[in-house]
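Following: one structure in structure tokens, then a few remarks.
The values are calculated or read from the model by the stated rules, or taken from the named source; none is laboratory data. All figures in this text were calculated on a predicted structure; none of them were measured in a lab. Neighbour counts are summed over all protein chains in view; Cβ atoms, including those assigned to glycine, are modelled from backbone coordinates with ideal geometry. When the accessible area is computed, the model is the full protein with side chains, heavy atoms only, and any ligands, DNA or RNA have been set aside. Shrake-Rupley method; radii C 1.70, N 1.55, O 1.52, S 1.80 Å.
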Amino acid sequence: MKKIFLFLFAGILLTFSLSAQLDRSQPPKPGPAPVVNIGDYNMFTLSNGLKVIVVENHKTPVISWQLSLDIDPVMEGDAKGYVDMAGQLMRSGTKNRTKQEIDEEIDFIGASLSTYSTGIYASSLTRHKDKLLDLMSDVLLNPVFPQDELEKMVEQSISALAANENDANFMVDNLITSVVYGEEHPYGEVVTKEKLENITRDHVANYYNTYFKPNTAYLVIVGDITTKEAKELTKKYFKNWEKGDVPKATYANPQAPAENTVAFANRDGAVQSVLAVSYPIEMQPGDPDAIKASVMNSVLGGGVFSGRLMQNLREDKAYTYGARSSLSSDKVVGRFTARTEVGNNVTDSALVEILYELDRMVNEPVDSESLELVKNFMNGSFARSLESPRTIANFALNIERYNLPKDYYKTYLERLAAVTTEDVTAMAKKYIKPENAWILVAGNKGEVSPKLARFSAANEVLFFDPYGRKVESSGAVIPEGMTAEKVVEGYIKAIGGADKLKSVTDQKMKMSTEMQGMTIEMESVQKAPDKVLITVSMGGNVMQKQVFDGERGMATAMGQKTELEGKQLDEMRLQAKMFPELDYANGEYQLELLEVEDLGGQPAYKLQVTNPSGTSVTEFYDVASSLKVRTITTQETQMGPMTVSASYDDYRDVEGVKIPFALKQQTGPQTMDMKVVSVELNSGVSDDVFKVE
Amino acid sequence: MKSNLRNFLALLLVLFALPSLAQTSKIEFTEYKLDNGLHVILQPDNTTPNVIVSIMYHVGSKNELAHRTGFAHFFEHLMFEGTENIPRGMFSRHVEEAGGTLNAFTSNDVTYYYVMLPSNQLELGLWLESERLMHARVDSIGIATQKGVVTEEMKQTRDNRPYGRLLVETVNRAFTEHTYRWDVLGADEHIRNAEDHEFREFHDMFYVPNNAVLVISGDIDVEETKPLVEKYFAEITPGTMNIRRPLPNEPRRTEEVRDTVYDNVQLPLILQAYHIPGRGDDDYFAMEMLGSLLSQGQSSRLYRSLVDEKRLALQVAAQPLSLEHPGLTLILAIPQVGVDPKVLEDAINEELEKARTELISERELEKLKNQFENRIVNSNTTIASRAQNLAMSHTYFNNASLVNSTLEKYLSVSREDILNVAQEYLREDNRVVLYFMPKSQMN
């Protein structure tokens, strides 16, 4: 009895002591910091000068081969783009194999192989290594650069440019290239259609013949292979690669500007700006400042969690979804960039805050809590990156290329742990320059650029096109005394005069367009003052319908009916007017004559028209004929703002009224050409046509 | 557009990730069950000082009720709201302060949570995941907050992103009975109208140890880890409710469904979806290989013919959705600017007809086997991918060891098997065909 009692008692004690050990209310403490093992690598050099680095890793039966040229950047001039193409085209045909044969043989062994201007990357299972090297060496040593493949690639690149041309990030990237680095520097060259069209097979072949030499190259092999085997295989497949002289080039490094300067690229109809603050820095890979500077940048605007830029611009002010900074090292010249995307009306405020944070970084020491958080994050990141053999390969390559101490990465975490608040401030003082920066913006010139002049020490904004080329702020001068109202009056007169237009009580118009092989028909019926019915059909079936009877409006699409309300209804009401321009001067519209712009060789007055419901449209009226030739609207779609550009051409007289018979609508890369098939004025239209039900 | 399609496919591959794909060297692991039903898998790998602590719950969108879709995904968010011991906002913060990362995903079949940490923080990971399983905060404030977040996410990832509606438009036409007929995000109204008690009931049914597997992979010592698992997870009580699991009850399709969807895209997209068996079925492996035959690599059937030779397509892909119950395989193609989608579809159908009527060559079969071997070997190289594969193998098949034997299954597929699945499943009357057309055309 006693025994059982004691036993039970002991059991209860045990239970108590177990739960006493686990206090769930607090996070548990970590164990001692784990030891980080970074494997060693072996290196040998072939007789042709190729340096081979081997990182053995027998965990999985995979081997990767990374060939990297250690060369200076090349100035490409007016055929910019050929260097990249030379790289890609190596895989498009050799003396021994067509492109299709190369594709098939790579796929057959389930491997991957890609070529680029500064090297080749290939990877496969261990048992296919001979075949892979056979292909890799063929592509390396015997490329033929087929003319038709070059043409295909040029064509694709030109299409890609056209598709991106109106993208704000594309514009800012090009500003960074041309403004921060300058045209005299190889990093400052921007790809354009004209340059792509200048690329010949000679460009591409010459690049390859000049720069692909073993004596300035590294081959990093990672995976399931021994150093001995690596020696045998590399000798076998690469010994015929002949060494030769490779031209070297040094360039005068671009400097940060003496004072802040604003460079602006216009995007018609933009409702947001992409904004970057950037300048070059001197920091090579392996620089003693590198880790400390990286910590500093993380505090400012890097990393997964919020840096100071995010805390300010997003959490506090809600200007943006994301604001980040980067501080990058480079063999030739590094760069600092802070970047964000914000609405038009807060572009200037956002810039104020960015400059404020840069300043604060220099003058206000970072608190120890934020510093610890950043260091922990970078620590964890580093540890996770070790899982990838590519990381180890890059470590080896960097040590060799940049002559880093052999234990550079082994001591990385120690040096990271040793970074202090004072270090961070010192790095900020050295690399953060709120007064010597390029301020680069892609956005709405009319609305935003005037407010940015004050950020430029010279109090003026420099203008650029989407490709980073400087443009003068506007072509022709607005004639003395010309006003927006006069432009609109001129238009009304040109299309028939106010009396004639007012005499139109109803209008029926049929239009058609071809899209992806299908014919779409559009019919609009209008009755003064503001009734309208629009139907869109395809193959005889009505796909979409919109009707407004003067008070109510309904939209039908794919069988779904939606009654229009609020802003949509107001818009419908305004658009239902037969000739809205007649009302532009009635006081409810806002008009602004912005400038005279060159539209494909013809000057046009550029107007900003804001209708009574607050929607803004940019309208272009041809100076010579006074006719409206283009409108640009930015529509708020669920997908975000989409800019639609409509062009009007082929104006014809219909009973004394001039009406455009050719309309072209462009949204991004998609263009729709519409032709007017028939127009009838004053044919007598019953109100029943506009019944809303 | 290319990057959108690429992103979409990447998303597909994450949501419908291949489970348990073996590597030619075996994955070593220990598994056992706690008294409360929690299945535990420990997979040591001391190469780098990292550890991943993950839990997979056997609940996905297919377990939802038709008038309350989106719950499984909703919980993925709610589970970050904190627990009885972890205040709101602190869950992620603990991980970040330790230098780790965390994430989760929901599919039609499972919900998966993981925390990646430096290995000396294993206990932190165990504490975090056990706290969530034991007493996650499922209260009005958290529910209200996440309702807003989830609505935003639906807009951003599905309703506002180009091609974001691909899946939802496909599944609601492809499935008439089975609970795969709605997508993982679910309907906004269902989430908004749901009452707090409904969320609690869902939680009590599915978020229980007997419906979960805990997988720990990385720099651990198995004998030291076992008592720690016991310490944090043993006291959690098992669930008492009957777990709602649907049957694979989709009736056989007898005719093609064809439709056009207008969406916020700049370039049109053609989609064909064919019904296929679930991943446990023998035919599934041949089906995957058929997908590779059609679109993996530049020498693949569809790429070579449609992108390279005929220059009809900008991009083309064939991807089976990796689902527990019978699902779908998708063929997607974006036409070159100026190409009529119908012409492109005809060319696709021509290639599929070839696959249905002609045996592939011996060389092609060998290519497929090599491609799969490569894929499988590479799918198990990180602790994160191994943990996920082990979790899926256990959750779908109750057999984690399948991670080490799936390669054999692929390697034993014959040319006839591939012909058979092409004939059986790539039939006109077994498919949904959708044309996604730019809305801007309909202005």
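Of all the residues in region A:347-398, those that are open to solvent by 10 Å² or more (accessible area, probe 1.4 Å), among the β-branched types (V, I, T) and either in contact with a strand residue (DSSP E or B) (Cβ under 9 Å, 6 or more places away or on another chain) or without any contact (Cβ under 8 Å) to a residue 24 or more places away in the chain (or both) number 3.
Only one residue in A:V262, A:V295 is modelled with pLDDT of 90 or more, within 14 Å of chain B (Cβ to nearest Cβ) and buried (at least 22 other Cβ atoms within 10 Å of the Cβ). Which one?
One residue alone meets the criteria, A:V295.
Within region A:112-126, the residues that satisfy the criterion of being polar (S, T, N, Q) and within 14 Å of another protein chain (Cβ to nearest Cβ) are A:S112, A:S114, A:T115, A:S123, A:S124, A:T126.
Note on region A:375-393: residues that are at the interface with chain B (Cβ under 7 Å from one of its Cβ atoms) and among the small types (G, A, S) total 2. Listed by first and then second residue, the pairs linking a residue in region B:208-228 that is over 25 Å from B:V110 (Cβ atoms) to a residue that is open to solvent by 70 Å² or more (accessible area, probe 1.4 Å), with Cβ atoms under 6 Å apart and 6 or more places separating them unless they lie on different chains, are B:D219/B:N46.
Taking the condition part of a helix (DSSP H, G or I) and either within 11 Å of another protein chain (Cβ to nearest Cβ) or of a type in the set (S, T, Y) (or both), does B:R304 pass?
Numbers: part of a helix (DSSP H, G or I): yes; either within 11 Å of another protein chain (Cβ to nearest Cβ) or of a type in the set (S, T, Y) (or both): yes.
Spelling it out, B:R304 is indeed part of a helix (DSSP H, G or I) and either within 11 Å of another protein chain (Cβ to nearest Cβ) or of a type in the set (S, T, Y) (or both).
Evaluated against (1) within 13 Å of chain B (Cβ to nearest Cβ); (2) open to solvent by 10 Å² or more (accessible area, probe 1.4 Å); (3) assigned to a helix (DSSP H, G or I), A:N166 falls short on exactly one condition, (3).
Somewhere in region A:231-242, is a residue among the hydrophobic types (A, V, I, L, M, F, W, C), in a loop (DSSP other than H, G, I, E, B) and farther than 17 Å from A:Q66 by Cα?
Taking region A:231-242 and keeping what is among the hydrophobic types (A, V, I, L, M, F, W, C), we get A:233, A:238, A:241.
So of that shortlist, the ones also in a loop (DSSP other than H, G, I, E, B) come out as A:241.
Those still in the list that are farther than 17 Å from A:Q66 by Cα too: none.
So far as region A:231-242 goes, no, none of its residues is among the hydrophobic types (A, V, I, L, M, F, W, C), in a loop (DSSP other than H, G, I, E, B) and farther than 17 Å from A:Q66 by Cα.
Output the residues belonging to region A:551-568 that are under 24 Å from A:Y589 (Cα atoms) and surrounded by fewer than 16 Cβ atoms within 10 Å (Cβ to Cβ). Of everything in region A:551-568, those that are under 24 Å from A:Y589 (Cα atoms) and surrounded by fewer than 16 Cβ atoms within 10 Å (Cβ to Cβ) turn out to be A:E551, A:E565, A:G566, A:K567, A:Q568. Return the total of residues in region A:32-50 being buried (at least 20 other Cβ atoms within 10 Å of the Cβ) and touching a Ser or Thr at 6+ places or on another chain (Cβ under 8 Å). Total meeting the criteria: 1.
For region B:281-322: of the residues being among the hydrophobic types (A, V, I, L, M, F, W, C) and over 25 Å from B:E416 (Cβ atoms), which is nearest to the chain's Cα centre (by Cα)?
Start the filter on region B:281-322 by keeping residues that are among the hydrophobic types (A, V, I, L, M, F, W, C), which leaves B:285-287, B:289-290, B:293-294, B:302, B:306-307, B:312-314, B:316-318, B:321.
Restricting the remaining residues to those that are over 25 Å from B:E416 (Cβ atoms) gives B:306-307, B:312-314, B:316-317.
On the way: B:L306: 28, B:V307: 28, B:L312: 30, B:A313: 27, B:L314: 26, B:V316: 21, B:A317: 17 Å.
So, considering only residues that are among the hydrophobic types (A, V, I, L, M, F, W, C) and over 25 Å from B:E416 (Cβ atoms), the one nearest to the chain's Cα centre (by Cα) is B:A317.
Per the listing B:Q319, B:Q315, the residue uniquely within 14 Å of chain A (Cβ to nearest Cβ) and of a type in the set (S, T, N, Q) is B:Q315.
List the helices (runs of 4 or more DSSP H) that sit entirely inside region A:341-448 and contain at least 2 residues that are farther than 30 Å from A:Q608 by Cβ. Can you show your working first?
Working: elements: A:347-363, A:368-385, A:389-401, A:412-417, A:421-431, A:445-448.
Result: A:347-363, A:368-385, A:389-401, A:412-417, A:421-431.
May I ask you to verify whether B:E131 is more than 29 Å from B:N193 (Cβ to Cβ), surrounded by 19 or more Cβ atoms within 10 Å (Cβ to Cβ) and among the charged types (D, E, K, R)? Here the answer is yes, as B:E131 does meet what is asked. Per the conditions (1) surrounded by fewer than 21 Cβ atoms within 10 Å (Cβ to Cβ); (2) within 23 Å of the chain's Cα centre (by Cα); (3) outside any helix (DSSP H, G or I), the sole criterion not satisfied by B:N374 is (3). Has region A:305-323 got at least one residue that is within 13 Å of A:I432 (Cβ to Cβ), open to solvent by 30 Å² or more (accessible area, probe 1.4 Å) and in contact (Cβ under 8 Å) with a residue 24 or more places away in the chain? No, every residue in region A:305-323 fails to be within 13 Å of A:I432 (Cβ to Cβ), open to solvent by 30 Å² or more (accessible area, probe 1.4 Å) and in contact (Cβ under 8 Å) with a residue 24 or more places away in the chain.
Here B:E97 meets each of (1) acidic (D, E); (2) within 14 Å of chain A (Cβ to nearest Cβ); (3) in contact (Cβ under 8 Å) with a residue 40 or more places away in the chain with one exception, condition (3).
Within region B:169-180, can one find any residue that is open to solvent by 40 Å² or more (accessible area, probe 1.4 Å) and part of a strand (DSSP E or B)?
Start the filter on region B:169-180 by keeping residues that are open to solvent by 40 Å² or more (accessible area, probe 1.4 Å), which leaves B:172-173, B:176-177.
Right, trim to part of a strand (DSSP E or B) and you get none.
No, because not a single residue in region B:169-180 is open to solvent by 40 Å² or more (accessible area, probe 1.4 Å) and part of a strand (DSSP E or B).
The strands (runs of 3 or more DSSP E) falling completely within region A:582-676 that include 1 or more residues that are within 14 Å of chain B (Cβ to nearest Cβ) and either open to solvent by 40 Å² or more (accessible area, probe 1.4 Å) or not acidic (D, E) (or both) map to A:628-637, A:640-654, A:657-667. Scanning region A:536-550 for residues that are within 12 Å of another protein chain (Cβ to nearest Cβ) and open to solvent by 30 Å² or more (accessible area, probe 1.4 Å), we see that the one that is modelled with the lowest pLDDT is A:G539. Would a scan of region B:167-186 turn up a residue that is within 14 Å of chain A (Cβ to nearest Cβ) and of a type in the set (S, T, Y)? No, region B:167-186 has no match at all.
Within region B:260-267, can one find any residue that is closer than 30 Å to B:G280 by Cβ, among the hydroxyl-bearing types (S, T, Y), touching a residue at least 12 places away in the same chain (Cβ under 8 Å) and touching a helix residue (DSSP H, G or I) at 6+ places or on another chain (Cβ under 6 Å)? Among the residues of region B:260-267, not one is closer than 30 Å to B:G280 by Cβ, among the hydroxyl-bearing types (S, T, Y), touching a residue at least 12 places away in the same chain (Cβ under 8 Å) and touching a helix residue (DSSP H, G or I) at 6+ places or on another chain (Cβ under 6 Å), which makes the answer no.
For region B:264-272, the condition of being touching a Ser or Thr at 6+ places or on another chain (Cβ under 7 Å), within 30 Å of B:S405 (Cβ to Cβ) and in a strand (DSSP E or B) holds for none of the residues. Here A:V366 does not qualify as within 14 Å of chain B (Cβ to nearest Cβ), of a type in the set (V, I, T), closer than 15 Å to A:M427 by Cβ and touching a Ser or Thr at 6+ places or on another chain (Cβ under 7 Å).
For region B:146-163, which positions are free of Cβ contacts under 8 Å to residues at least 12 places away in the same chain and either within 14 Å of another protein chain (Cβ to nearest Cβ) or buried (at least 22 other Cβ atoms within 10 Å of the Cβ) (or both)? Steps first, answer last, please.
So the first thing to find is which residues in region B:146-163 are free of Cβ contacts under 8 Å to residues at least 12 places away in the same chain, and the list is B:148, B:152, B:155-156, B:159.
Within region B:146-163, B:E152, B:K155, B:Q156, B:D159 meet the criteria.
Here the condition is being surrounded by fewer than 22 Cβ atoms within 10 Å (Cβ to Cβ) and either more than 19 Å from B:V213 (Cα to Cα) or away from chain A (no Cβ under 14 Å) (or both); of B:K62, B:K26, it holds for B:K26 alone.
In region B:298-327, the residues that are more than 29 Å from B:D281 (Cβ to Cβ) form Cβ pairs under 7 Å with partners that are open to solvent by 20 Å² or more (accessible area, probe 1.4 Å) and of a type in the set (D, E), at six or more places apart or across chains, as follows: B:Q298/B:D308.
Screening B:N380 on (1) open to solvent by 10 Å² or more (accessible area, probe 1.4 Å); (2) farther than 20 Å from B:Y284 by Cα; (3) within 14 Å of chain A (Cβ to nearest Cβ) shows it passes everything except condition (1).
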